[in-house]
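> Take this structure first; my questions come after.
Values in this text are rule-based calculations from the coordinates and carry no lab data. From a predicted model like this one, the values you see are computed outputs, not experimental measurements. Here the Cβ positions follow ideal geometry from the backbone for every residue, glycine too, while neighbour counts run over all protein chains shown.
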Amino acid sequence: MKYDYNSKGNVQAISKNDSDKIVYLWGYNYQYPVAEIKGATYAEVKNLLGETYIKKLFKFH
């Protein structure tokens, strides 16, 4: 299993193989996960939502 972490040390993505992928988006200043997205990589989510939107989630409170 592979884990990727964001700059605050939170799990950002987990992958077991090409079909088992989970992405976590964090909010409330990186304290709580606000979204769990299954079946996509972090890069795919970032391309779809845009980096600006994801950064706004981090600051959401």
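> Mean residue ellipticity at 222 nm from the helices of the chain, using -39,500 (n - 2.57) per DSSP H segment of n ≥ 4 over the full residue count, to the nearest 500 deg cm²/dmol? It would help to have the intermediate numbers written out before the result.
Numbers: 2 runs with 17 residues, N = 61.
Rounded to the nearest 500, it is -7500 deg cm²/dmol.
> Okay, next question. About its Cα centre, how strong a charge dipole does the chain have in debye, to the nearest 20, once Lys and Arg get +1 and Asp and Glu get -1 at the Cβ?
The dipole magnitude comes to about 200 debye.
> Less than 11 Å from a label point 7 Å out along the Cα-to-Cβ axis of Asp4: which backbone N atoms in the stretch 20-49 qualify, by residue?
Counting backbone N atoms under 11 Å from the label point, the list is 22-24, 40-47.
> Can you pull a Stokes-Einstein diffusion coefficient for the stretch 2-59 at 4 °C (1.567 mPa s), Rh from Kirkwood over Cα pairs, as a whole number of µm²/s? Write down the numbers at each step before the final one.
On the way: Rh = 11.4 Å.
Value of D from the Cα-based Kirkwood radius: 114 µm²/s.
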